[in-house]
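Here is the structure we will look at, set down as structure tokens.
The values are calculated or read from the model by the stated rules, or taken from the named source; none is laboratory data. Since the structure is predicted, the reported quantities are computational estimates derived from the model, not experimental observations. With ideal geometry, Cβ positions are generated from the backbone for all residues, glycine too; neighbour counts draw on all protein chains shown. Side chains are part of the model used for accessible areas, which takes the heavy atoms of the whole protein and leaves out ligands, DNA and RNA. Shrake-Rupley method; radii C 1.70, N 1.55, O 1.52, S 1.80 Å.
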Amino acid sequence: MGGTTLKSLSTQEMLDISDRCLVKRRADFDKISETHGAMQLLEKMHRKLKVVSEQSPEQAEELHDMTMQLGQVDLEHDRLVRGIYHVLVGIGELIDDAQFARESSALRDRLFPAGLNTTLLRYEEQIRAAKTAQSGITRADQELLARIDIPNSQGTLLDMVSRWWSVSSSMEELWLKRQNLRQSQEGVTAQTTSTADLIRARHQWIGAMRVLAAAVQASSLEQTQKRDLLPEMALL
């Protein structure tokens, strides 16, 4: 590997190096107290890099597609939330009917207890918030919403609220499918695997190797022993 750097190694070469450290030379590293934390970090990054590199392109593509679809649904969800929220704010401020103004402001707070921060919630939290709002709406609430017309023949605010719930239902369906797909892939539970994920995992592996190299350098071993234990120090 003369003349190379850690970054220029193939993913398999990286895995071979960390496998040697974690298995073949593990006993030698365990004798050095300075390397214990670094070895735990390397083990974590080794597993992550292995999972990312082994996932099939078909699985990665399917997860990527679902994530993109969820993103589009989320944009629609957030647009509806902001629109409904701001209409109710405006009605509460502008209408001369004091009771109607109070009722619209109160309904706004019941529909969106987190306010506009509803759009910042995680998918599962947005889904739960919509379900809670739908289960708690009353006939009086529906009548109030039905009195507020939306321009361009788009119905009433009640129609927009119903559309919000429908979009949230679509979000839930997609989110559950993605969760099930992730859980069907051993070790993949938090993110889709893509080229960007592989690059990220490689960078994290390099970071773990640098931590390990620093720990070895800080040990009391002779320089020749350090090079024998971790020849990759020459690539840093």
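Using alpha-carbon positions, what is the distance between the centroids of the range 85-113 and the range 127-174, in Å?
For the range 85-113 versus the range 127-174, the Cα centre distance is 15 Å.
Could you check which residue among HIS77, HIS46, HIS86 shows the biggest mean-square fluctuation in a GNM of the chain with a 10 Å Cα cutoff?
Of the options given, HIS86 has the highest mean-square fluctuation.
Note down the nm distance, to one decimal, between modelled labels 7 Å out along Cα→Cβ at ALA106 and at ASN152.
It is 3.3 nm.
For the chain, find the longest principal axis of its Cα atoms and tell me its angle to the long axis of helix 57-94, 0 to 90°, nearest 10.
That works out to roughly 40 degrees.
Residues with amide H under 5 Å of THR156's amide H, sequence separation 5 or more or different chain, H placed in the peptide plane at 1.01 Å from N; which?
Placed amide hydrogens put ILE150 under 5 Å from THR156.
Output the relative contact order of the chain, whole-number percent, from Cα pairs under 8 angstrom with separation of 6+ residues. It would help to have the intermediate numbers written out before the result.
Details: 192 pairs, mean separation 78.5, N = 236.
Once normalised by length, the contact order is 33 percent.
Just need the relative contact order of the range 85-152 here, percent rounded to a whole number, with Cα pairs under 8 Å and 6+ apart. Numbers along the way, then the final one.
Details: 32 pairs, mean separation 16.4, N = 68.
It comes to 24 percent, rounded to a whole number.
If the cut-off is 18 Å between C-alpha atoms, which lysines fall inside it for LYS31, apart from same-chain ones fewer than 8 positions away?
By straight Cα distance, LYS31 reaches LYS226.
On a 0 to 90° scale, report how tilted helix 157-183 is relative to the longest principal axis of the chain, with both axes built from alpha carbons and the result rounded to the nearest 10.
Helix 157-183 and the main axis of the chain meet at about 20 degrees.
Please identify, among GLN99, GLN183, GLN12, the residue showing maximal mean-square fluctuation in a Gaussian network model of the chain using a 10 angstrom Cα cutoff.
GLN99
Straight-line reach from LYS7: which aspartates and glutamates fall under 12 Å, measuring Cα to Cα and dropping same-chain residues less than 8 apart?
Cα-Cα hits under 12 Å: GLU232.
Which value, in Å² and to the nearest 10, is the accessible area of SER8 when all protein chains are kept and the probe is 1.4 Å?
Rounded to the nearest 10, the figure is 70 Å².
Rolling a 1.4 angstrom probe over the protein heavy atoms, how many square angstrom per residue are accessible across the chain?
Averaged over the residues of the chain, the accessible area is 57 Å².
Return one number: the angle in degrees, 0 to 90 and rounded to the nearest 10, between the long axis of the Cα atoms of helix 36-54 and the longest principal axis of the Cα atoms of the chain.
With both axes taken from Cα atoms, the answer is about 70 degrees.
Probe radius 1.4 Å, ligands and nucleic acids left out: which of SER162, SER33 has the largest accessible area, and how do the rest follow?
Result, largest first: SER33, SER162.
So, taking all protein chains as they sit and a 1.4 Å probe, how much accessible area belongs to GLU62, in Å² rounded to tens?
Per-residue accessible area (GLU62): approximately 90 Å².
Could you tell me what percent of the accessible area of the chain is made up of carbon and sulfur, with a 1.4 Å probe and every protein chain present?
Of the solvent-accessible surface of the chain, carbon and sulfur hold 50 percent.
Less than 20 Å apart at the alpha-carbon level, and either on another chain or at least 8 residues along: which lysines does that give for LYS177?
LYS131
Cα-based Rg of the chain per 2.2 N^0.38 Å, rounded to two decimals?
Dividing the Cα radius of gyration by 2.2 N^0.38 Å gives 1.56.
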